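Here the structure is laid out as structure tokens; the discussion comes afterwards.
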Amino acid sequence: MNENVLTKLKILAESAKYDVSCASSGTVRSNKPGMLGNTVGGWGICHSFAEDGRCISLLKVMLTNYCIYDCAYCINRRSNDLPRATLSVSELVELTIEFYRRNYIEGLFLSSGVVRSPDYTMERLVRVAKDLRQVHRFNGYIHLKSIPGASRELVNEAGLYADRLSVNVEIPKEENLKLLAPEKDHKSVFAPMKYIQQGVLESKEERQKFRHAPRFAPAGQSTQMIVGATSESDKDILYLSSALYGRPTMKRVYYSGYVSVNTYDTRLPALKQPPLVRENRLYQADWLLRFYQFKVDEIVDDAYPDLDLEIDPKLSWALRHPEQFPVDINKADYEMLLRVPGIGVKSAKLIVASRRFSRLGFYELKKIGVVMKKAQYFITCRELPLQMQTVNELSPQRVRSLLLPKPKKKVDDRQLILDFGE
């Protein structure tokens, strides 16, 4: 492999690492005679997960890290003095095929800085995907980052070759985006989102009439928001996420804890470390919206605009609504079971199925997979241990203190010497 290309790859893979929206779930391309690769089956290699839980390796790289924009939060902003590189279309195609043949990767995640114009950059991204599909017959997974402001024609062409397309919102509120990225606006982001949505829906309708009609971005679209770079509350972020999930083709919203890469810019907060706990809580709240039938105003509201960093959002909701508990495991409907801390989607379905044959007790729930350490304060069932008390008997504050993780004890160095010798 060309040494010059490897040097470029090292630079561009490093530049791509802050983009987290690279999950490869939602599409199936099986291996076919005469074609190379499938979606099921070093530098720039990241690991993602299919919807059935399998780990998938992707070549995660940028086409170029040159950029005409000067976004305050971006490592690749034009005013930064850092190594720059650009891969030609042919170099990137050859890299992908070579890595696949060596069994390093199963797909490609491709993004880019914006050079010359959004359309110029988008056209080069499309050419990479087109050459992989049509020239090399590559049948593996391809995720393309659609460039904000790109034309509808280029977005439509990209959808014919990519499994998933994504456009990053980056900053949830328009005024804060303007503060940190004056050359950008939400209109340029939401326009290609709309093009992708229309393309997916039109393709679905066509395939109902014509079996072999081409698929358009069969894994839908995703987006990403930066958390902690601006003043948005968790309520602001989750309301935007909920609105995006209302669109039929939006599969995932990713949350990226702000990493202080441009410490000299006074518009940015001075952080000692990324807000990773907040990022984790947002993902948990996102899960409640998508799979647990929660509404945003049940998770966060005017009284509680930010998520509790000490406990997960479902437990936080349960402690704020003790009047809803305890829940009788043998009588409650599926929707209420989903709201019990310690009961997930799988275990709720198993409870509903199992109780048709016999009444469930403490030990049956443990076998089903219920996290009894949490659930015991919010349920009643057959044969509960006598010492178990519900949230109303103990009080929400007491249950919270019992479920908070215990702080690790600091060990005195002198005590270690006494215990173990010098």
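Every read-out reported here was derived from the displayed coordinates using simple, explicitly stated rules and does not represent laboratory data. None of the values given here were measured: they were computed from a predicted structure. In this analysis, Cβ positions are derived from the backbone assuming ideal geometry, glycine residues included, and neighbour counts consider all displayed protein chains.
At a glance:
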{"item": "Rounded Å value of the spacing that divides the Cα centres of the range 108-181 and the range 304-342", "result": "40 Å"}
{"item": "Additional length obtainable on full extension of the chain from Y69 to K331, 0.36 nm per residue less Cα span", "result": "88.5 nm"}
{"item": "Relative compactness, the range 255-326, computed as alpha-carbon Rg over 2.2 N^0.38 Å", "result": "1.36"}
{"item": "Dipole magnitude (debye, nearest 20) for the chain, charges at Cβ of Lys, Arg, Asp, Glu", "result": "1280 debye"}
{"item": "Dimensions in Å of the range 311-401 - Rg and Dmax from alpha carbons", "result": "12.1, 37"}
{"item": "Evaluated over the range 315-358, the Cα radius of gyration and Dmax, each in Å", "result": "10.7, 34"}
{"item": "Cα-based reach from K346 at 19 Å (exclusive), listing lysines while leaving out same-chain residues under 8 positions away", "result": "K314, K331, K366, K367, K373, K374"}
{"item": "Equivalent-ellipsoid semi-axes of the chain, from the Cα gyration tensor, Å, largest first", "result": "42, 28, 23"}
{"item": "Sites L201 and V345 - FRET efficiency at Förster radius 22 Å, r taken between beta-carbons, to 0.05", "result": "0.20"}
{"item": "Top positive-direction residue, dipole computed over the range 283-409 with Cβ charges, set G369, Q389, Y304", "result": "G369"}
{"item": "Total formal charge among the other residues, if their Cβ is under 15 angstrom from that of L289, Lys/Arg +1 and Asp/Glu -1", "result": "+1"}
{"item": "Ratio of the Cα radius of gyration of the range 70-204 to 2.2 N^0.38 Å, where N counts its residues", "result": "1.11"}
{"item": "P(r) of the range 54-119 over all Cα-Cα pairs, binned every 5 Å from zero, in whole percent", "result": "4, 16, 22, 20, 15, 12, 9, 3, 0"}
{"item": "Peptides 221-230, 208-217, 390-399, 8-17 ordered by average Cβ neighbours within 10 Å, highest first", "result": "221-230, 8-17, 390-399, 208-217"}
{"item": "Signed unit charges on C-beta, dipole axis of the range 214-289, positive-most listed residue P274, P248, G228", "result": "P248"}
{"item": "Contact order relative to length of the range 213-367, as percent, for alpha carbon pairs under 8 angstrom and 6 or more apart", "result": "19 percent"}
{"item": "In Hz, Karplus ³J(HN,Hα) per residue of the range 163-174 (6.51, -1.76, 1.60; θ = phi - 60°; x = Gly, Pro)", "result": "6, 9, 10, 9, 10, 7, 5, 6, 10, x, 9, 4"}
{"item": "Percentage of interatomic Cα-Cα distances in the range 87-130 larger than 12 Å", "result": "62 percent"}
{"item": "Whole-number D in µm² s⁻¹ for the range 365-407, Kirkwood Cα-pair radius fed into Stokes-Einstein, 10 °C, 1.306 mPa s", "result": "141 µm²/s"}
